[in-house]
1. Full-extension gain between PHE207 and GLN152, please, as 0.36 nm times their residue separation minus the C-alpha to C-alpha distance.
2. With a cut-off of at most 15 other beta carbons within 10 Å, and DSSP calling the residue loop, which GluC sites (Glu not before Pro) in region 1-92 qualify? Please list them.
3. Compute the long axis of helix 260-270 from its Cα atoms, compare it with the longest principal axis of the Cα atoms of the chain, and write down the angle in degrees, 0 to 90, nearest 10.
4. Shape call for region 8-95 from the C-alpha gyration tensor, a ≥ b ≥ c root eigenvalues: rounded (a/c under 1.5), prolate (a/b greater than b/c) or oblate?
5. Is it possible to state the helix-based mean residue ellipticity at 222 nm for the chain, with each DSSP H run of 4+ residues giving -39500 (n - 2.57), the sum divided by total residues, to the nearest 500 deg cm²/dmol? What is it?
6. Rank these residues by their accessible area, most exposed first, probe 1.4 Å: ARG155, ARG213, ARG81.
7. Could you tell me which residue out of LEU129, ILE84, TYR208 lies farthest along the dipole of the chain toward its positive end? Charges go on the beta carbon: Lys and Arg +1, Asp and Glu -1, centred on the Cα centre.
8. For region 178-314, what class follows from the C-alpha gyration tensor (a ≥ b ≥ c being the square roots of its eigenvalues): rounded when a/c is under 1.5, otherwise prolate if a/b is larger than b/c, else oblate?
Amino acid sequence: MAILPKSAVESLFDQLDQTTTLIEQNLETTYLDALTESIANIADGGRVKVVDGLPDQQTVSQLNALYAEINLKQYDAELIRQAIQLVTLKGLRQVKVEPNKQMTPDAIGYLVAYLAEVFSGGTAFKTILDPVAGTGNLLTTVMNHLQSITKQAMRGFAVDNDDSLLEIAGISSELQQLDTTLFHQDAIEPLMIEPVGLAVADLPIGFYPIDERAQDFETRAQTGHSYAHHLLIEQTMHYVQDGGFGFFLVPNVILETDEAKQLVKWVTKHVYLQGLLSLPANLFKTKEGQKAILILQKKGAGAQQAKQILLGEFPNSNDQKAFADYLQKIRTWHQENLV
């Protein structure tokens, strides 16, 4: 049986995995922390950071030899992102992070990127915000796609309250040569960010624990804790320019719950609901866990409500022809309803 040659992504993954494992074992730390240190070393020109004699000299020599073989200049940004995503996934599985901190799968990230491309109408977005960026995988997926389409650079803003995940996002962006600014904070607090043209977010689902902070939001619950994903939608669109777009990964039933009344009231007042597309059912273990992409446009700057809201469900992602046809239908819908 012939052995197939490794792809460029697999080769880079192996190199990142080897260096990470060496650091993990020598420093007796987690794989995820070792990954952060390894990609930071790569970003620093392959220089191994030594603190209090660790890593030891033998490990430093092994790392130096491995780093000398890594030449990121031969890879494009998207390939680098994919390889970093794979090693990050390995680290996340080991520490068993909570569901709300899981990485957005590429299959979903690419759909968000495609929709952002279609809704841009050929106009390049210059700025993009992800208020719950985590490791930055969704943010950089969209940035890489749009920059490859428009041939114009974007500036990204990543917010997250987990400093270890955000550190990976920062170094990953640096290795991909993406212009990204990081903010380590609770995204519900005021952001030091000028309004952006585009926002994307894989929203954490659940209740927001700080009721006092939620009091300033129109989407807050009238009694008890408010839904964090409702507050984050309102907060994020506040930092979107007039006429700009927000693409949010939300529960499939987001507009059908008892708590949705305040959200719907806010949507009617401040933004246009341009679409709600259920993601392919085969991407989720249960129907209850199925998500959708909520598409909002900030009012103003010539924005208008679509003649017909884009509603539906993506077909099974394994049915390539049906899937391609559906993507084309979205382009046709955009031409007929928003242009």
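1. 16.0 nm
2. GLU28, GLU69
3. The two axes meet at around 80 degrees.
4. oblate
5. Taking each H run of at least 4 residues, the total per residue is -14000 deg cm²/dmol.
6. Output order, biggest surface exposure first: ARG155, ARG213, ARG81.
7. Result: LEU129, furthest along the dipole toward the positive end.
8. rounded
The values are calculated or read from the model by the stated rules, or taken from the named source; none is laboratory data. No experiment lies behind these values; they were computed from the predicted model shown. Here Cβ is always computed from backbone atoms with ideal geometry, including for glycine, and neighbour counts include all displayed protein chains. Surface accessibility is based on the protein's heavy atoms, side chains included, excluding ligands, DNA and RNA. Shrake-Rupley method; radii C 1.70, N 1.55, O 1.52, S 1.80 Å.
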